[in-house]
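Inspection log for the structure reproduced underneath, given as structure tokens.
Every number in this text was worked out from the coordinates using simple rules, so none of it is lab data. The model shown is predicted, which means the values in this text are computed figures rather than measured ones. A quick note on method: Cβ atoms are made from the backbone with ideal geometry, for glycine too, and the neighbour counts reach across all protein chains shown.
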């Protein structure tokens, strides 16, 4: 929780800083804490660097997958074929599916374990269905494979989550820097009117805190 005190100086009678109750802004701080916690949970076990590596390697695999796909060749108006092309396409897509989609499977398992399916579950289902159907077509099922859709979806989702994690990580570092600038002790007004300094983490709802000029306090929800 943050406490703000603005001084307005008057020539006749300067005002004395007024004590502020600790519970002010408590609910707002708790809400912000909960939102940040939720963002971290969605990417638990992953890192910005991990998503960056998966994106670039998956993108490298996506380029030949697109060039070897019948639909892409038809759209772009060129023809590229050779003996074993479908098996090369199958192999490249299998590597991308297993490597690039690992974060989404992990996230989907966590969401389903908590009975709260979300974006990770949706991505994992879409890529798995596309891959399984495409493998069936490769093995002889009549139809057209979806390897190129699998590849592009995986790369776009990896890019999106990489950017999201960079943003969240940057915001977290900025908050940590702000918190480090806050004082370690607060000026607590006692029932008899005296003032004692106590560690900020020992503040509790109901305490009256004297906030002096340029001081800021934060109390996280317990």
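Things to note:
- Ordering of 99-111, 75-87 by burial proxy (mean other Cβ atoms within 10 Å per residue, highest first): 99-111, 75-87
- Projected area, mean over directions - the range 84-179, Cα convex hull, nm²: 7.7 nm²
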